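Asker: Quick one: the structure is below, and I'll ask about it shortly.
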Ligand code: ADP
Ligand code: ZN
């Protein structure tokens, strides 16, 4: 018998226990479910792993008819439906991976009133045939999963999602519930507007993930640093390693395997069969490390991912939060680790300059990147800063007084130091090259000049004749890289062209003209070394 046999009177808690085998609702679930069961529209913002699925699955079981779930995660539909069927829920899906017979079977089940849940790829809802099919059966609700895919400015934009606003016009009395784990105020408002959910009740869960420890470290030898992390803190653990490019995914996976770690690659350039096989192994086997581009991960429900490591800088705080959020869905202690360096800033700024789209689009990308850079360079609690980014300042502010106790800046507070003079030295060097020689160079040359190094390139361009040659011997090369990285992050210096040459900005002039001081972060291990040297 179907779990919905006694649907009219079924109580949500009873369904939770009997069908799903869970004891109690998590924060927020009960209110959302009651609201949708009663026929109300809802916009749900809940972090990854928060338990969004039950918020539409249970109302679909309780309300008469089939719950229609729109999801962009075609590759996962089969698994999702299998998991539901294992619980005795009558679920099916329609997407482009099926042949005609399979589709016909599902359609017949729907028409016979034998489906509790029907998963649809968004493009299906653009087909008149699908709309006519849905007209013929009672529909319990529409759930729009990963609703941020309607946002044109997000990195997951799916044009088919724009058509979902028409659902309401066709079935005005059927409740709709849109769900997402992406939730800046702007995205939030955009979802409500584009899906015509202005009158929906908004449910916003806390975005805090207290069991995730956030750490952002200076990038030196990223693969070695990663290996060290896995060996010392996560031996035998399952985890995800994100890299920016396909080639670095493959190199990193090979490197880990050579060093005795079971790692698999995943990126859009791999053969679809291999990609699916690697994903299935990661989900089913214990202790595998998935090395992937951000193409991997949306909708992945693996509770015991113990770490998420980023070898390259994410493009936005939202991306960082989504990706790190795949760690620790079981609530147990987990690590979010990011290695970040000067080259990341250079590369990301170049990618924005070279990106398609208009100036407004590039400005938006730059704003996203700036927030991510500010998170990397902060001397305050990382968690507080992430929560503040999502508009949850209250929680952020409350924590920042004493700190969250579970991020690197709380555990090992970095110092900030007055970097005004150091900044002036860098900026004067860039200024002199530009003004006196009409030349632009990358960070390496600037640092060699500051340190007074007679490298072949310094001699070739006779940069040892500049008055700034050798004025920066008080810092080491790595420290100068840190200074330049932070000047770029604070937009006191700019990157130009494909070679990543450095150029002045309006802010540079203020620093050079002594109208502005510059606070810099001292990277923790450098701080430790500095302390050791002064005590000697
Ligand atoms: P989301 O879609 O928000 O990322 P899911 O709906 O996939 O999260 O839920 C994450 C995990 O938490 C799943 O394994 C789910 O079965 C489990 N879960 C959800 N609600 C509860 C609950 N009330 N009690 C126990 N486990 C739950
Ligand atoms: Zn903290």
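The values are calculated or read from the model by the stated rules, or taken from the named source; none is laboratory data. Just so it is clear, the structure is predicted and the values come from calculations on it, not from any experiment. Neighbour counts run over all protein chains shown; Cβ positions are idealised from the backbone, glycine included.
Asker: Report whether or not residue 19 is more than 10 Å from ligand 1 (Cβ to nearest atom) and under 25 Å from residue 189 (Cα atoms).
Answerer: no
Asker: Within region 4-27, is there a residue that is away from ligand 2 (no atom under 16 Å from the Cβ) and touching a strand residue (DSSP E or B) at 6+ places or on another chain (Cβ under 7 Å)?
Answerer: No - not one qualifying residue is present in region 4-27.
Asker: Determine which member of the set 83, 24 is within 30 Å of residue 390 (Cβ to Cβ), in a loop (DSSP other than H, G, I, E, B) and within 34 Å of the chain's Cα centre (by Cα).
Answerer: 24
Asker: In addition: Can you tell me which residue among 283, 274 is in a helix (DSSP H, G or I), under 22 Å from residue 80 (Cα atoms) and either within 22 Å of the chain's Cα centre (by Cα) or touching a residue at least 60 places away in the same chain (Cβ under 8 Å) (or both)?
Answerer: Every option except 283 fails the conditions.
One line per residue, one yes/no per condition, for (1) within 9 Å of ligand 1 (Cβ to nearest atom); (2) at pLDDT below 95:
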position	(1), (2)
25	yes, yes
32	no, no
37	no, no
41	no, no
45	no, yes
49	yes, yes
59	no, no
65	no, no
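Asker: Look at residue 5 and say whether it is over 27 Å from the mean Cα position of the chain (by Cα) and modelled with pLDDT under 85.
Answerer: So residue 5 passes the test.
Asker: Taking residue 396, is it touching a helix residue (DSSP H, G or I) at 6+ places or on another chain (Cβ under 7 Å) and either within 16 Å of ligand 1 (Cβ to nearest atom) or modelled with pLDDT under 90 (or both)?
Answerer: The answer is yes for residue 396.
Asker: Further question: So, in region 401-428, of the ones that are within 19 Å of residue 473 (Cβ to Cβ) and surrounded by fewer than 17 Cβ atoms within 10 Å (Cβ to Cβ), which residue ends up farthest from ligand 1 (Cβ to nearest atom)?
Answerer: Checking each candidate, the answer is 421.
Asker: Looking at (1) surrounded by fewer than 19 Cβ atoms within 10 Å (Cβ to Cβ); (2) in contact with a helix residue (DSSP H, G or I) (Cβ under 8 Å, 6 or more places away or on another chain); (3) under 23 Å from residue 121 (Cβ atoms); (4) in contact (Cβ under 8 Å) with a residue 24 or more places away in the chain, which is the only condition residue 297 fails?
Answerer: Status for residue 297: all satisfied but (1).
Asker: Among 135, 145, which is the only one that is modelled with pLDDT of 90 or more and under 30 Å from residue 48 (Cβ atoms)?
Answerer: The unique qualifying residue is 145.
Asker: Here's something else I'd like to know. Where residues in region 378-387 are buried (at least 21 other Cβ atoms within 10 Å of the Cβ) and more than 16 Å from the chain's Cα centre (by Cα), which of them is farthest from ligand 1 (Cβ to nearest atom)?
Answerer: My answer is 381.
Asker: Given 115, 43, 131, which one is farther than 23 Å from residue 181 by Cα, more than 16 Å from ligand 2 (Cβ to nearest atom) and not in a helix (DSSP H, G or I)?
Answerer: 115
Asker: Assuming residue 158 fulfils every condition listed in (1) under 23 Å from residue 295 (Cβ atoms); (2) in contact with a strand residue (DSSP E or B) (Cβ under 9 Å, 6 or more places away or on another chain) apart from one, which condition is it?
Answerer: (2)
Asker: Considering region 338-364 alone, what residues qualify as being in contact with a helix residue (DSSP H, G or I) (Cβ under 6 Å, 6 or more places away or on another chain) and either more than 18 Å from residue 497 (Cβ to Cβ) or within 16 Å of ligand 2 (Cβ to nearest atom) (or both)?
Answerer: 339, 340
Asker: If I filter region 50-68 down to residues being surrounded by 21 or more Cβ atoms within 10 Å (Cβ to Cβ) and under 13 Å from residue 180 (Cα atoms), which single residue comes out as nearest to ligand 2 (Cβ to nearest atom)?
Answerer: So, considering only residues that are surrounded by 21 or more Cβ atoms within 10 Å (Cβ to Cβ) and under 13 Å from residue 180 (Cα atoms), the one nearest to ligand 2 (Cβ to nearest atom) is 50.
Asker: Could you list, in sequence order, all residues of region 167-208 that are assigned to a loop (DSSP other than H, G, I, E, B) and farther than 16 Å from residue 36 by Cα?
Answerer: 181, 182, 183, 184, 195, 196, 205, 206, 207, 208
Asker: Hey, another quick one. Out of region 95-111, which residues are surrounded by fewer than 16 Cβ atoms within 10 Å (Cβ to Cβ), in contact (Cβ under 8 Å) with a residue 12 or more places away in the chain and under 36 Å from the mean Cα position of the chain (by Cα)?
Answerer: 96, 97
Asker: Looking at region 325-333, is at least one residue in contact with a helix residue (DSSP H, G or I) (Cβ under 8 Å, 6 or more places away or on another chain) and buried (at least 21 other Cβ atoms within 10 Å of the Cβ)?
Answerer: no
Asker: Any chance you could count how many residues in region 415-439 are in contact with a helix residue (DSSP H, G or I) (Cβ under 8 Å, 6 or more places away or on another chain) and at pLDDT 90 or above?
Answerer: The number of residues fulfilling the criteria is 13.
Asker: Does residue 301 meet the test of being within 13 Å of ligand 1 (Cβ to nearest atom), under 23 Å from residue 155 (Cα atoms) and over 15 Å from the mean Cα position of the chain (by Cα)?
Answerer: Answer is yes for this residue.
Asker: Applying the selection to region 464-523, what residues are touching a strand residue (DSSP E or B) at 6+ places or on another chain (Cβ under 7 Å), part of a loop (DSSP other than H, G, I, E, B) and surrounded by 18 or more Cβ atoms within 10 Å (Cβ to Cβ)?
Answerer: Listed by number, the list holds a single entry, 523.
Asker: Same structure, new question: Kindly evaluate residue 359 against the criterion of being free of Cβ contacts under 8 Å to residues at least 60 places away in the same chain and surrounded by fewer than 18 Cβ atoms within 10 Å (Cβ to Cβ).
Answerer: yes
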